[in-house]
Amino acid sequence: MSIETSPPKIWTGRRILIGLSAFFLSVFAANGVMVYYALSTFDGVETDDAYRKGRAYNHVLEADAAQTALGWTTTIETKSSILAEGVSVYATVTVTTADGEATPLQEPVLTFWRPTVQGMDKQIKIVPAGDGSYQGVARLEQPGNWIVRLDALTQEGGPYAHEERLFISPTAGENLR
C-alpha cells in the first residue's frame, strides 16, 4: 500500500501578489464599512453656534463659580414605569440652601436628553409640591442613559442650573445614578 502525496505548492510571484492584494482589499472594505456607519449615524454636532458659545465660555465659568458659592444642594429623584409607547418618568427635584432649607425657584424646567441620539429630548415644567420640592412627569421614548438638566431662576432673578446623568431603568421602580 502506498500513500500518494501531492508535490508542495510553489510560492510564485503571482500567488504572493494575489494574497497581498486580497488582504489589503479586505482591510479597505472593512474600513469603508466603518467610515460609512460613522458618518451616517452621528454627525458630531452637539450644539449650534459653537464658536459664539466658546467665546462666551468665561462668562459660563463665572456663573458656575457664583452658583457654587451659594452652597446649594440639588437632588433629582426619579421613578419609572413602563408604557406601551416608552417609559413614564416621575421626577422629584429638591434644592436646598447650605443651611438645609428649601430654596424657592421660579420657572423650573427639567430637560431629559440622550447623549448620542438626537430628537428624543423632552422638556417638562415642574410644579411645586408644597414641601419645598418640585414634581413633574416625562414620557420618554426609551429607557437607558439620560442626562437630566434643571434650569430655573432664583428669587433674585439669577439663573440656576444643575445637570446629572441618570439611568432610566427598563423595569418599573427606582432609577440609578
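Of the residues ILE76, ILE18, which single one is touching a residue at least 60 places away in the same chain (Cβ under 8 Å) and of a type outside the set (Asp, Glu)?
Criteria check complete, one pass: ILE76.
Going by the structure shown, is VAL117 of a type in the set (A, V, I, L, M), at pLDDT below 90, assigned by TED's automatic domain parsing to the domain that holds VAL60 and surrounded by 12 or more Cβ atoms within 10 Å (Cβ to Cβ)?
Yes: the conditions hold for VAL117.
Output yes when any residue across the range 97-106 is outside any loop (DSSP other than H, G, I, E, B) and either assigned by TED's automatic domain parsing to the domain that holds LEU153 or in contact with a strand residue (DSSP E or B) (Cβ under 6 Å, 6 or more places away or on another chain) (or both), and no when none is.
There is at least one residue in the range 97-106 that is outside any loop (DSSP other than H, G, I, E, B) and either assigned by TED's automatic domain parsing to the domain that holds LEU153 or in contact with a strand residue (DSSP E or B) (Cβ under 6 Å, 6 or more places away or on another chain) (or both).
Yes/no matrix, rows are residues, columns are (1) more than 23 Å from the chain's Cα centre (by Cα); (2) exposed (fewer than 10 other Cβ atoms within 10 Å of the Cβ):
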{"position": "LEU20", "(1), (2)": "yes, no"}
{"position": "THR47", "(1), (2)": "no, yes"}
{"position": "GLY54", "(1), (2)": "no, no"}
{"position": "VAL60", "(1), (2)": "no, no"}
{"position": "THR74", "(1), (2)": "no, no"}
{"position": "LYS79", "(1), (2)": "no, no"}
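Is it the case that GLU85 is touching a Lys or Arg at 6+ places or on another chain (Cβ under 8 Å) and at pLDDT below 90?
Yes; evaluated as a whole, the condition is true for this residue.
Does ILE168 meet the test of being among the β-branched types (Val, Ile, Thr), at pLDDT 85 or above, touching a Pro at 6+ places or on another chain (Cβ under 6 Å) and more than 12 Å from SER80 (Cβ to Cβ)?
No, not satisfied.
Is there any pair with a first residue in the range 89-108 that is crowded, with 17+ Cβ neighbours inside 10 Å and a second that is part of a loop (DSSP other than H, G, I, E, B) and among the hydroxyl-bearing types (Ser, Thr, Tyr) whose Cβ atoms are under 6 Å apart and which are 6 or more apart or on different chains, and what are they?
Final answer for the pair search is VAL95/THR103; THR103/THR97.
The values are calculated or read from the model by the stated rules, or taken from the named source; none is laboratory data. The model shown is predicted, which means the values in this text are computed figures rather than measured ones. Cβ sites come from the backbone with ideal geometry, for glycine too, and all protein chains shown count toward neighbours.
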